[in-house]
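Report on the following structure.
The values are calculated or read from the model by the stated rules, or taken from the named source; none is laboratory data. In this text the structure is predicted, and so the values were computed from the model without any measurement. With ideal geometry, Cβ positions are generated from the backbone for all residues, glycine too; neighbour counts draw on all protein chains shown. To get the accessible areas, we keep the full protein, side chains included, count just its heavy atoms, and leave off ligands, DNA and RNA. Shrake-Rupley method; radii C 1.70, N 1.55, O 1.52, S 1.80 Å.
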Amino acid sequence: MSWEDNVRKVIPYIPGEQPQTKNLIKLNTNECPYPPSPKVEKILGEMKYEDFRLYPDPNASELVDAISSYYNVPGDQIFVGVGSDDVLSMAFMTFFNSDKPVLFPDITYSFYDVWAKLYNIPYKVCPLNENLRIVTGDYYTNNGGIVLPNPNAPTGVLEDVIAIEDIIAHNRDVVVIIDEAYIDFGGKSVLPLIDKYDNLLVVQTFSKSRAMAGMRIGFAFGSKKLIKYLSDAKFSFNSYTMNIPSIKLGTASISDDEYFKSTCRKIMETRRRTKCELKALGFSFPDSQANFIFAKHENISGQSLFCALKAAGIYVRHWNAPRIEDYLRISIGTDDQMDKLIAFLKDYLK
Ligand SMILES: *Cc1c(COP(=O)(O)O)cnc(C)c1O
């Protein structure tokens, strides 16, 4: 008998690399290539280090209030956490306690199965069809809950509100989580449905469209009841998930809608251009509504391209996984970064 017999052993999620060298073109973790709003910088400059002596507000009320007025949702229908990873993990723990399997796509955010295993939640994956689309009928079966990213990651494919509502409507007896990490890049949120379906949790993040991945701010909307259950679990786990800078700087970010919208527009315009360039070079990809493109080349393997790009200082994401090993997930950077990517590919493919 060893102490190790009673250790919970898990295979962790592997995030994209965060190389510490400078001058790389980093298109591997879907960060925003632009800085956060200047209002964030201003508030950061006004912060006093003495303030860190005290615990933060356990309810993060300032941030919740800002989200509440911006999205026009009452504060008791909002939950905030340390990035949406924290919110999602807490939601898995709180809502997925059935003996029946939780459902999610086979090609999706690779954290879902990690949380399922961590919390001993049975799960079943539903294969995307040959166009990398969700098959809504797969989600009509008896299950213990559903989690779907929309747009999906790493495919970038957006399902319309009608398709998502159809899945929710067929699953009133379980919690349905819609992970909208990329919704601000041209998608339509299912947020208005939280008043119609008390079993719907909509999760969003400051990490992509608000350029604040390093601040770790995620949030969720749901019925009052759903949010109460989530809060109860959170307060049984860690009262102070949100630190003082995250609360203050997240609030500042929300206050600058013009900057937020113009940043999203810029990224969408760069995405449009990049799609044309990649197509001309022999790449194919599902139409992305996120801040990345999931592309494969007609002649060259994903692994070869990934290595060649990396050697040239251009980081993209690649998975050695069934069905997707020939794809690269390329985050949308600045126009200049994308020009350099395209120039390299042109030269490499010659
Ligand atoms: C990036 C991402 C998240 C988590 O991001 P946080 O930085 O933890 O907010 C969640 N879901 C999907 C699908 C993502 O791509």
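Residue by residue, here is whether (1) open to solvent by less than 10 Å² (accessible area, probe 1.4 Å); (2) closer than 24 Å to residue 26 by Cα; (3) touching a helix residue (DSSP H, G or I) at 6+ places or on another chain (Cβ under 6 Å); (4) more than 12 Å from the ligand (Cβ to nearest atom) holds:
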| site | (1), (2), (3), (4) |
| --- | --- |
| 135 | no, no, no, yes |
| 144 | yes, no, no, yes |
| 152 | yes, yes, no, no |
| 180 | yes, yes, no, no |
| 184 | no, yes, yes, yes |
| 214 | no, yes, no, no |
| 229 | no, no, yes, yes |
| 234 | no, no, yes, yes |
| 248 | no, no, yes, yes |
Screening 236, 246 for residues that are farther than 19 Å from residue 112 by Cβ and in contact (Cβ under 8 Å) with a residue 60 or more places away in the chain leaves only 246
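Quick grid of which residues meet (1) at pLDDT below 95; (2) within 16 Å of the ligand (Cβ to nearest atom); (3) under 23 Å from the mean Cα position of the chain (by Cα):
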site	(1), (2), (3)
25	no, no, yes
34	no, no, yes
39	no, no, no
52	no, no, no
55	no, no, no
58	no, no, no
63	no, yes, yes
Flagged in the range 86-139 as under 17 Å from residue 11 (Cβ atoms), in a helix (DSSP H, G or I) and either touching a residue at least 40 places away in the same chain (Cβ under 8 Å) or among the basic types (Lys, Arg) (or both), in numbering order, are 92, 114, 117, 118
Output for Cβ contacts, cut-off 9 Å, separation at least six or different chains, first residue farther than 17 Å from residue 149 by Cβ in the range 211-225, second more than 9 Å from the ligand (Cβ to nearest atom) and of a type in the set (Val, Ile, Thr), reads 211/40; 211/263; 212/40; 215/40; 217/80; 217/247; 223/194
In the range 318-350, residues that are over 23 Å from residue 286 (Cβ atoms) and part of a loop (DSSP other than H, G, I, E, B) total 2
Here the residues within the range 97-123 that are more than 24 Å from residue 294 (Cα to Cα) and either open to solvent by 40 Å² or more (accessible area, probe 1.4 Å) or more than 16 Å from the ligand (Cβ to nearest atom) (or both) are 97, 98, 99, 100, 101, 117, 118, 119, 120, 121, 122, 123
Scanning the range 199-212 for residues that are more than 10 Å from the chain's Cα centre (by Cα) and either among the aromatic types (Phe, Trp, Tyr) or away from the ligand (no atom under 11 Å from the Cβ) (or both), the one nearest to residue 183 (Cα to Cα) turns out to be 202
Of the residues in the range 278-317, those that are assigned to a helix (DSSP H, G or I) and surrounded by 17 or more Cβ atoms within 10 Å (Cβ to Cβ) come to 278, 302, 305, 306, 309
